[in-house]
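A short write-up of the structure that comes next.
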DNA sequence: CGCCAGGTTAGAG
DNA sequence: CTCTAACATGGC
């Protein structure tokens, strides 16, 4: 059972996939050659599917198991969000082609899009894990977290993981995560997040229904979620093109190199540069990250 | 050993 | 409101 999702203008599957290949520690999807395989939860099922790119046609999705027609729309919706298929990036590239800093990046990585994180709990936890540590270590922590607490499926001899459920993490004590080398602070934040999701206090659906201002306020009211994390999540989960993780270490490093500074740029300098990307800050950030 | 890494918080001024 | 120490640990 398979179907094809047409892709929009200014879309490059390979560039998006290279992002998904950036860590060998990633357990939440698997590559078999050029085919990408993943499990998601939909309507109470663990749904295993694969995607690959067919030149001139689009993204081909194969339902592996269960092969139920009723689950097709959930998988299609997931893939659309995952690969950012519903954003018209033509205005961004038009703007980037006239910008000294972005032009070479936009040309080299044309069609690269923000790989989404449709699951809000996963998105928040991943952002918290990534706070203040290098990305390699962040991937190590996530790997341990998923291995220890995520649901595991074995199909035809291969193992696939789901991101841990809030209900499972909500029952942990900080010590359980300290053992995995999470800091006490991260442990508290993550368990707190899990409890808020498990109790229903926070959910993607609730935040989705809010006005942008209230959504931002709600995110910032959560312990462990500051401005950087809130913007990261608005970028990857809620797809705000104007989300802007100001202060991001990677963005600072990228700008430092591109501007040939002998120090990291100040927050004021970054803000001044980004004035010209107004409305597209998330994508400008994405391309600066890509330059690393 | 020192400093930085996809920061946030609580407390002081 | 702004500034700062503390938080923990890997990697260079």
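Entry note, chain A: relative contact order of 17 percent, from Cα contacts under 8 Å with a spacing of 6+ residues.
Centre-to-centre, using Cα atoms only, region A:37-57 and region A:173-206 are separated by 28 Å. What spacing in nm lies between the two simple spin-label points modelled at residue A:69 and residue A:211, each 7 Å away from Cα in the Cβ direction? Rounded to a tenth, the inter-label distance reads 4.4 nm.
Peptides A:170-176, A:61-67 ranked from most to least packed, by the mean per-residue count of other Cβ atoms within 10 Å: A:61-67, A:170-176. Estimated from the Cβ-Cβ distance and a Förster radius of 30 angstrom, the FRET efficiency linking residue A:12 and residue A:137 is about 0.55. Legend: Rg and Dmax of chain A, from Cα coordinates, 19.2, 57 Å.
Eigenvalues of the alpha-carbon gyration tensor of region A:109-183, scaled by 5 and square-rooted, set the equivalent ellipsoid semi-axes at 22, 19, 13 angstrom, largest first. Sorted on the mean count of surrounding Cβ atoms within 10 Å across their residues, most packed first, peptides A:214-227, A:39-52 read A:39-52, A:214-227. When chain A is treated as a GNM with alpha-carbon contacts under 10 Å, the residue of A:272, A:90, A:236 showing the greatest mean-square fluctuation is A:272. Under conditions of 4 °C and 1.567 mPa s, region A:2-86 yields 98 µm² s⁻¹ as its translational diffusion coefficient, taking Rh as the Kirkwood radius over Cα pairs in the Stokes-Einstein equation. Working from label points 7 Å from Cα in the Cα-to-Cβ sense, the residue A:57 to residue A:278 distance is 4.5 nm.
Shown is the FRET efficiency for residue A:188 and residue A:227, computed with R0 = 25 Å from the Cβ-Cβ distance and rounded to the nearest 0.05: 0.85. According to the square roots a ≥ b ≥ c of the eigenvalues of the Cα gyration tensor, what is the shape class of region A:180-292, taking rounded for a/c under 1.5, prolate for a/b larger than b/c otherwise, and oblate for the remainder? In terms of gyration-tensor shape, oblate.
In terms of surrounding Cβ atoms within a 10 Å radius of their Cβ, A:123, A:14, A:23 rank from fewest to most as A:14, A:23, A:123. Here the extension length gained between residue A:239 and residue A:19 equals 77.5 nm, from 0.36 nm per residue of separation less the Cα-Cα distance. Translational diffusion coefficient of region A:165-222 (Stokes-Einstein, Kirkwood radius from Cα pairs, 37 °C, 0.692 mPa s): 270 µm²/s.
For chain A, adding -39500 (n - 2.57) for each run of n ≥ 4 DSSP H residues and dividing by the number of residues yields -13000 deg cm²/dmol at 222 nm. Taking 1.306 mPa s as the viscosity and 10 °C as the temperature, the Stokes-Einstein diffusion coefficient of region A:120-236 based on its alpha-carbon Kirkwood radius rounds to 107 µm²/s. The modelled label-to-label distance for the pair residue A:260/residue A:76, using points 7 Å beyond Cα in the direction of Cβ, is 5.2 nm. At a Förster radius of 51 Å, what calculated FRET efficiency corresponds to the Cβ-Cβ distance of residue A:2 and residue A:173, to the nearest 0.05? E between residue A:2 and residue A:173, to the nearest 0.05, is 0.70.
Values quoted throughout were computed directly from the atomic coordinates according to the rules given, and no laboratory measurement underlies them. Nothing here was measured: the structure is a model prediction, and the numbers come from that model. Please note: Cβ atoms are built from the backbone with ideal geometry, for glycine as well, and neighbour counts cover all protein chains shown.
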